[in-house]
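The values are calculated or read from the model by the stated rules, or taken from the named source; none is laboratory data. All figures in this text were calculated on a predicted structure; none of them were measured in a lab. Virtual Cβ from ideal backbone geometry, glycine too; neighbours counted across all protein chains shown.
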Amino acid sequence: MDSILSFFSGVWPFLILAFIFWWMIDRPHKKEEKKRQRMLESLKKGDKVVTVGGMYGTITRLSEKKVVLKVCENVEVEFLRTAISAYQDPAKQELLDEKK
């Protein structure tokens, strides 16, 4: 019994540090994921966006899973909705950040 208690008394600090480390890594990741989900849900026709590949365009059509971007005159490209990474307009991105 004594050896079990001494084992746990030596392990507790490491367990606590591991938990704190996990919490510090996981919390910002979840926060960023929620922010991205809000951005994807708020997309609408006419929004100017940037894809994860760096392509700039204006949304002309969107569905639940896909987005059609007008990238230049007479050129429209279809993307998955999740391929949108941000708005082109920083003010609109900040407005989304404030809504939390």
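A few remarks follow.
- Scanning region 49-66 for residues being touching a Ser or Thr at 6+ places or on another chain (Cβ under 9 Å) and among the hydrophobic types (A, V, I, L, M, F, W, C) gives a total of 3.
- Single condition VAL67 does not satisfy, out of (1) in contact with a helix residue (DSSP H, G or I) (Cβ under 9 Å, 6 or more places away or on another chain); (2) surrounded by fewer than 10 Cβ atoms within 10 Å (Cβ to Cβ): (2)
- Close pairs (8 angstrom Cβ cut-off, 6 or more residues apart or separate chains): surrounded by fewer than 12 Cβ atoms within 10 Å (Cβ to Cβ) in region 79-97, at pLDDT 75 or above and not aliphatic (A, V, I, L, M) anywhere: LEU80/LYS65; LEU80/LYS66; ASP97/LYS35
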